[in-house]
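Here the structure is laid out as structure tokens; the discussion comes afterwards.
The values are calculated or read from the model by the stated rules, or taken from the named source; none is laboratory data. Just so we're clear, the structure is a prediction, and the values are computed from it rather than from any experiment. Neighbour counts run over all protein chains shown; Cβ positions are idealised from the backbone, glycine included. To get the accessible areas, we keep the full protein, side chains included, count just its heavy atoms, and leave off ligands, DNA and RNA. Shrake-Rupley method; radii C 1.70, N 1.55, O 1.52, S 1.80 Å.
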Amino acid sequence: MRSGLAALLEKEPDIEISTSTSLGAIQAARSLEPRVCVVDTEGPGAPGLVAGTEVTAARGPYPDCTLLVLLPAGKPGLLRRAYEADALGYVSKDAPTERLLDGIRRVATGKRFVDDSLAYEFLDAAQSPLTRRELTVLSLAAEGADITEIADNLHLSNGTVRNYMAAITRKTGARNRVDAIRISQGAGWL
């Protein structure tokens with residue numbers, strides 16, 4: 001996707017681009033001092049979003065750089081995580097190229113841009129049933145940690161972790177822990 005997107009953007013005379021993996025984003029930013037960081041939010045742990053946040057964080061090395069995220073449809077959790085990462089622009093991966101270009105240009109001037117097709121999903125994103133702590137517990141479970149390991153990692157008792165897992169299962173409508181992980185990943189919360 002990165003090379004296809006780069007090929008489209010290179011045709012624009014007012015946009016200079018550089019591509020990198022999420023691991024190379026900081027290094028690329030050092031040499032370019034970017035105005036806009038466009039990232040893909042998909043992937044385990046949303047590595048693009050994490051890297052983009054590191055580049056654009058207000059206390060980071062490039063405070064004038066803004067974050068524009070590409071989001072898949074039907075993943076309100078990813079939208080919420082992008083919002084919490086202070087993204088200024090939100091464009092659907094299904095949007096036409098012109099909408100992405102409009103978003104980049106608008107975000108480069110410091111203005112917010114929300115793709116029309118994502119407006120309803122913003123409402124869904126605000127409706128995540130899980131608290132931050134529950135998401136932390138579930139994320140550790142998704143990495144394969146058992147109750148004791150989660151408890152040790154978060155400095156909680158085993159009973160408290162079990163209570164969190166029960167609440168997570170109930171709130172997500174899951175049958176068990178594995179189902180809760182699947183549902184949460186599908187919604188983009190993890």
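Other residues within the sphere of radius under 15 Å centred on the Cβ of ASP152, judged by their own Cβ, net out at -2 (K and R +1, D and E -1).
Taking amide H as placed 1.01 Å from N in the peptide plane, LYS93 has its amide H under 5 Å from the amide H of LEU71, ALA73, each at least 5 places away in sequence or on another chain.
Using a probe of 1.4 angstrom, how much of the accessible area of region 65-146 is carbon and sulfur, in percent?
Details: 1880 of 3900 Å².
Looking at region 65-146 in its full context, I get 48 percent from C and S.
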